[in-house]
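Enquirer: Handing you this structure, nothing more for now.
The values are calculated or read from the model by the stated rules, or taken from the named source; none is laboratory data. Just so it is clear, the structure is predicted and the values come from calculations on it, not from any experiment. Cβ placement follows ideal geometry from the backbone for every residue including glycine, while neighbour counts extend to all protein chains displayed. In case anyone asks, the SASA skips ligands and DNA or RNA and just uses the protein heavy atoms, side chains included. Shrake-Rupley method; radii C 1.70, N 1.55, O 1.52, S 1.80 Å.
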Amino acid sequence: QAVKLKYCFTCKIFRPPRASHCSLCDNCVERFDHHCPWVGNCVGKRNYRFFYLFILSLSLLTLFIFAFVITHVILRSNRKGFLDALKESPVVVCFFSVWSIVGLSGFHTYLISSNQTTNEDIKGSWSTKRGKDNYNPYSYGSIITNCCAALCGPLPPRWVQDKRMTSCIASIYLSPHLFSPSSVSESSLCVLVRS
Ligand SMILES: [Zn+2]
Ligand SMILES: [Zn+2]
């Protein structure tokens, strides 16, 4: 399946497949999922698994707290009555937290199992409504392989050069297709010549 490459006028590069420009982070993000206001960062290719493990552990925590809040309400209602016990406990807050966070984890589990991003799911990029030929070319075809690839696969190298690293060895990881000639710095040129 052919995937169109779009040109980003802000970053002045042809975006790699699945990349999107984030206006808040002001750069293109590979395998862009979404910009998360909770963590104050974009969720993309290199941090998606950590984001998923974060919301998964958060769901377990909210379930744990909710279970004990319910136990607390039951024990208190024996002495004070159900309504008074309900007023004194944060059961309503816990109830909504459980639904929203567990729901979010469930949604991301579905995305991982089908190798989709939130951005692609919202846009309906691989929706069957668009026709039979519109299959997801990034899916490995099996839920287990998709999960393994997303959670246990090798972590791709970073393309952005760390400003603190001035040695040439650090710039080996720069990908030639990601920058335009005007953005080649002296240190990256140094590597290009050497290699
Ligand atoms: Zn961009
Ligand atoms: Zn962002």
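Enquirer: Please enumerate the residues belonging to the range 47-58 that are open to solvent by less than 40 Å² (accessible area, probe 1.4 Å) and out of contact with any helix residue (DSSP H, G or I) (no Cβ under 6 Å at 6 or more places or on another chain).
Expert: Those that are open to solvent by less than 40 Å² (accessible area, probe 1.4 Å) and out of contact with any helix residue (DSSP H, G or I) (no Cβ under 6 Å at 6 or more places or on another chain): Y48, F51.
Enquirer: Another one. Can you tell me which residue among G40, G44 is within 25 Å of the chain's Cα centre (by Cα), loosely packed, with under 13 Cβ neighbours inside 10 Å and within 13 Å of ligand 2 (Cβ to nearest atom)?
Expert: Among G40, G44, only G40 is within 25 Å of the chain's Cα centre (by Cα), loosely packed, with under 13 Cβ neighbours inside 10 Å and within 13 Å of ligand 2 (Cβ to nearest atom).
Enquirer: Only one of F95, F66 is buried (at least 18 other Cβ atoms within 10 Å of the Cβ), of a type outside the set (K, R) and more than 20 Å from the chain's Cα centre (by Cα); which?
Expert: Going through F95, F66 in turn, the sole match is F66.
Enquirer: How many residues are among the hydrophobic types (A, V, I, L, M, F, W, C) and under 12 Å from the mean Cα position of the chain (by Cα) when one looks only at the range 5-37?
Expert: The number of residues fulfilling the criteria is 3.
Enquirer: To continue, here is another question. Residues that are more than 25 Å from H21 (Cα to Cα): which helices (runs of 4 or more DSSP H) entirely in the range 45-155 hold 1 or more of them?
Expert: 48-80, 82-88, 91-113, 143-151
Enquirer: Another question, then. Answer yes or no as to whether V29 is surrounded by 12 or more Cβ atoms within 10 Å (Cβ to Cβ) and touching a His at 6+ places or on another chain (Cβ under 9 Å).
Expert: Taking the combined requirement at face value, the residue satisfies it.
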